[in-house]
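Only one structure is covered here, and it is reproduced in the block below.
The values are calculated or read from the model by the stated rules, or taken from the named source; none is laboratory data. Note that the structure is predicted; figures quoted are calculated from it, not measured. Ideal geometry is used to build each Cβ from the backbone, glycine not excepted, and the neighbour counts take in all protein chains shown.
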Amino acid sequence: MNISITTATTQEMPIIQNMARFYAYDISKSCGFYELFDWSFPENGLYEGPDVSKYWEPNCYPFLIRVDDELAGFALINKVGSISDIDWNMGEFFIVGKFQGKGVGKQVAFELFSKFPGQWEVMQMPPNLPAIKFWKKIVAQYSSNQFTETTVTFQNPEPHEGIVLRFKAP
């Protein structure tokens, strides 16, 4: 598999926004009854994903992921951590189902961590057990088990807990 990661242009923002619908669908499998967000299936049959437009603002980095030239997902990085000492945050990360479990996510995460050296955070919602398992494994491997895991209470959009992994990318 030839995996490529390219910076998404403004013209490609609608592609990521479209994929965000599938990202929301994937998350709804684990978080569908998580009270913080409304995961009701819309009457028009189309999930609305998170608004990705903020990732084209300064200090944000949107990426498209392809496998053998086929669209395979996205990664959205920003500098919004749960504490001020964070250099990078994996804001949103999505690999299309067809490529999940094939090592694509690991390779992409490793490349992005290496591309942006510094203090990283990766956060997950507590009910999102597949994401928690994935990120713990990836961060542990990348950092040679040199990471911390904490539970943080976030205030927005309303008070809620999140699992936060912190590590340093050389």
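Selection of segment 99-114 for residues being within 24 Å of T9 (Cβ to Cβ) and either of a type in the set (D, E, K, R) or touching a Leu at 6+ places or on another chain (Cβ under 6 Å) (or both) yields only E111. Identify the single condition in (1) over 23 Å from L129 (Cβ atoms); (2) surrounded by 15 or more Cβ atoms within 10 Å (Cβ to Cβ); (3) touching a residue at least 40 places away in the same chain (Cβ under 8 Å) that D68 does not satisfy, given that it satisfies every other one. Single failed check for D68: (2). Among residues of segment 3-26 being touching a residue at least 40 places away in the same chain (Cβ under 8 Å) and outside any helix (DSSP H, G or I), the one that is farthest from V108 (Cα to Cα) is A8.
Matching residues to (1) over 16 Å from K168 (Cα atoms); (2) in contact with a Lys or Arg (Cβ under 6 Å, 6 or more places away or on another chain); (3) in contact (Cβ under 8 Å) with a residue 60 or more places away in the chain:
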{"position": "G73", "(1), (2), (3)": "yes, no, no"}
{"position": "I86", "(1), (2), (3)": "no, no, yes"}
{"position": "F110", "(1), (2), (3)": "no, no, no"}
{"position": "F113", "(1), (2), (3)": "no, no, no"}
{"position": "K133", "(1), (2), (3)": "yes, no, no"}
{"position": "Q146", "(1), (2), (3)": "no, no, no"}
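Counting only residues that are surrounded by 16 or more Cβ atoms within 10 Å (Cβ to Cβ), at pLDDT below 95 and among the hydroxyl-bearing types (S, T, Y), segment 1-57 holds 6 of them.
Looking only at segment 128-170, residues that are closer than 20 Å to G105 by Cβ and surrounded by 16 or more Cβ atoms within 10 Å (Cβ to Cβ) come to 18 in all.
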